[in-house]
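Okay, so here's the structure we're looking at.
The values are calculated or read from the model by the stated rules, or taken from the named source; none is laboratory data. Predicted, not measured: the structure shown is a model, and the values here were computed from it. Using ideal geometry, Cβ is built from the backbone for each residue, glycine included, and neighbour counts are taken over all protein chains shown. Areas reflect the complete protein model, heavy atoms only, side chains present, ligands, DNA and RNA absent. Shrake-Rupley method; radii C 1.70, N 1.55, O 1.52, S 1.80 Å.
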Amino acid sequence: MKHIYLDHAASTPIHPEVAETMLKVMREQLGNASSVHYFGREAKRLVNGARDTIAARIGCRPDELVFTGGGTESDNLALFGTASACKADGRHIITTAIEHHAVLHSCERLEKDGFEVTYLPVDRYGQVNPDQVREAIRPDTILISVMYGNNEIGTIQPIAEIGAIARERGIVFHVDAVQALGSLPISCRDLPVDLMSFSSHKINGPQGVGALYVRKDLQLEPIQYGGLQERKRRAGTENMAGIAGFAKAVELAEAERETRTADDRLWIQELLSALEQRITREAFHLNGHPTDRLPHIVNLSFPEVDSETMLMNLDMEGIAASSGSACTSGSLEPSHVLEAMHLPASFLRSAIRFSVGLGNTRKEISETAEKIGTILERLRRRK
Ligand SMILES: *Cc1c(COP(=O)(O)O)cnc(C)c1O
């Protein structure tokens with residue numbers, strides 16, 4: 001059976017040029033980037049070359065980038081690193097109810113350590129109101145963390161407005177931009193943001209590598225101790241093949257951003273119109289903001305069928321989708337994101353996320369709509 005991959009928000013296939021770049025690094029004899037000999041210097045050159053490439057594409061200085069083991073580690077470093085560095089100034093953190101678990105579970109850990117966290121609500125489209133951010137600020141607020149584009153519903157947050165409020169009050173502002181990278185133009189220097197998380201495997205790079213942008217002169221305590229790598233902000237020998245692959249992935253994603261996002265937008269639009277024809281407009285509902293959204297993610301509820309049943313049936317037809325985040329699938333708990341949007345119970349129970357990307361074709365999209373129609377008919381007959 002031919003498989004159709006519509007789960008790019010969970011992970012993306014590695015771009016062939018990225019794989020080439022990584023293979024070359026792995027085949028070459030390279031030393032440890034901390035060594036003083038020739039091999040070490042070559043390794044250091046490679047890591048710093050990758051850093052220059054990424055910095056140029058996302059509008060920051062190379063020394064403002066810390067390589068990490070992925071988006072989760074970047075979020076952890078941002079939150080725990082700021083909490084430890086700023087705890088003398090206060091112990092209050094503001095975030096939102098719809099963050100990725102890498103942020104939410106870190107906040108829960110910080111609450112156990114005596115920090116207080118305000119989880120801001122969202123509207124029915126999953127958007128945070130900047131006025132509510134302003135109202136939540138206290139004299140002891142040290143950090144605001146709001147994601148750029150949501151991984152379950154695609155809704156984009158008003159980052160520039162929230163950042164302006166944070167800056168006015170002198171509060172550190174962290175943004176999880178893992179899903180936004182490659183989809184939205186990103187210039188760290190032009191945004192009022194102090195910390196920004198990125199992950200390689202969401203943009204057709206390898207898994208297990210990412211970066212945290214740390215604005216120059218920002219106080220950040222490390223969360224990992226050992227060598228002096230990454231200007232003492234992240235100890236440990238660099239994942240050279242991963243970092244080189246990540247840089248190549250960023251370079252390609254930025255060079256091709258307009259064409260890739262135009263394709264993504266087209267596939268989502270075609271999926272929606274094919275569904276309208278195949279199963280009628282009443283049989284599904286779009287969750288998330290109708291226009292302020294990432295181009296590659298769409299979240300749909302099919303109220304007649306619960307998410308697990310739909311996912312299993314889709315999988316049997318060779319279609320890979322997801323019920324919200326990969327981290328919540330497998331558990332039957334409704335998504336914390338959709339819950340925060342106060343959707344009707346029938347929508348919560350039946351939500352499916354489709355996320356498109358490199359390699360998807362028009363034929364795959366029309367086949368998906370067709371198969372969803374077949375599945376719904378089959379399940380209706382059984383009732
Ligand atoms: C995938 C994802 C992460 C985690 O990144 P990993 O590299 O998988 O650890 C964090 N935030 C968002 C929004 C994501 O989509």
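Measuring only protein heavy atoms, the 1.4 Å probe finds THR361 accessible over about 60 Å². Its relative contact order, with pairs defined as Cα atoms under 8 Å and 6+ residues apart, puts the range 241-374 at 33 percent. Helix 38-58 axis versus longest C-alpha principal axis of the chain: approximately 50°, rounded to the nearest ten. Take every pair of alpha-carbon atoms less than 8 Å apart whose residues are at least six positions apart; their mean separation over the length of the range 16-255 yields a relative contact order of 28 percent. In this structure the chain gives 43 Å² per residue of accessible area when probed at 1.4 Å with all protein chains present. Under a 5 Å amide H cut-off, with hydrogens placed 1.01 Å from N, ASN287 pairs with ASN299, LEU300, SER301 among residues at least 5 apart or on other chains. Among MET147, MET310, MET26, the largest mean-square fluctuation in a Gaussian network model of the chain (Cα springs under 10 Å) belongs to MET26.
Rounded to the nearest 10 degrees, the inclination of helix 159-168 to the longest alpha-carbon principal axis of the chain is 40 degrees.
Approximating the spin labels as points 7 Å out from Cα along Cα→Cβ, the ASP315-to-GLU258 distance works out to 4.1 nm.
The LEU286 and ASP217 beta-carbon pair, evaluated with R₀ = 45 Å, returns a calculated FRET efficiency of approximately 0.55.
Most simply put, the range 16-255 has about 40% antiparallel DSSP beta bridges, counting only bridges with both residues inside it. Remark on GLY210: its backbone amide H falls under 5 Å from those of THR68, GLY69, GLY70, SER200, a criterion applied only to residues 5 or more positions apart or on other chains, H modelled at 1.01 Å from N. Under 10 Å, Cα contacts only: if you run a Gaussian network model on the chain, which one of THR96, THR237, THR21 comes out with the highest mean-square fluctuation? Of THR96, THR237, THR21, the Gaussian network model singles out THR237 as fluctuating most. Couplings 3J(HN,Hα) for the range 79-96, derived from phi with the Karplus relation 6.51 cos²θ - 1.76 cosθ + 1.60 (θ = phi - 60°), are 6, 5, x, 6, 4, 5, 6, 10, 5, 5, 8, x, 10, 10, 10, 10, 9, 10 Hz, where x marks Gly and Pro. Based on DSSP H segments of at least four residues, each scored -39500 (n - 2.57), the chain has a per-residue ellipticity at 222 nm of -13000 deg cm²/dmol.
Would you calculate the separation in nanometres between label points at ARG380 and GLU161, each defined as 7 Å from the Cα along the Cα-to-beta-carbon direction? Here the answer is 4.1 nm between the modelled labels. So if R0 is 41 Å, what FRET efficiency would HIS3 and LEU184 give, r being the distance between their Cβ atoms, rounded to the nearest 0.05? So the FRET efficiency works out to roughly 0.90.
For SER145, nonlocal amide neighbours, meaning residues 5 or more places apart or on other chains whose placed amide H falls under 5 Å from its own, are ILE94, THR95, HIS174. Taking GLY208, GLY149, GLY126 as the candidate residues, the one with maximal mean-square fluctuation in a Gaussian network model of the chain, Cα springs under 10 Å, is GLY208. Here the Karplus curve 6.51 cos²θ - 1.76 cosθ + 1.60, taken at θ = phi - 60°, turns the phi angles of the range 217-226 into couplings of 6, 6, 7, 8, 7, x, 10, 9, 10, x Hz, with x standing for Gly and Pro. For trypsin sites (Lys or Arg not before Pro), the sites in the range 92-167 that DSSP calls loop and that have at most 12 other Cβ atoms within 10 Å are ARG124. Taking the charge dipole of the chain about its Cα centre, with +1 at Lys and Arg Cβ atoms and -1 at Asp and Glu Cβ atoms, the residue from HIS15, VAL178, LEU79 reaching farthest to the positive side is HIS15.
In the chain, the portion of solvent-accessible area held by carbon and sulfur atoms comes to 51 percent [1.4 Å probe, whole percent, DNA, RNA and ligands not counted].
Checked against a 31 Å cut-off, the cross-linked pairs LYS2/LYS383; LYS87/LYS216; LYS44/LYS202; LYS44/LYS87; LYS24/LYS202; LYS248/LYS363 give Cα-Cα distances beyond that limit for LYS44/LYS87.
Between helix 257-279 and the chain there is an angle of about 20 degrees, using the helix long axis and the longest principal axis of the Cα atoms.
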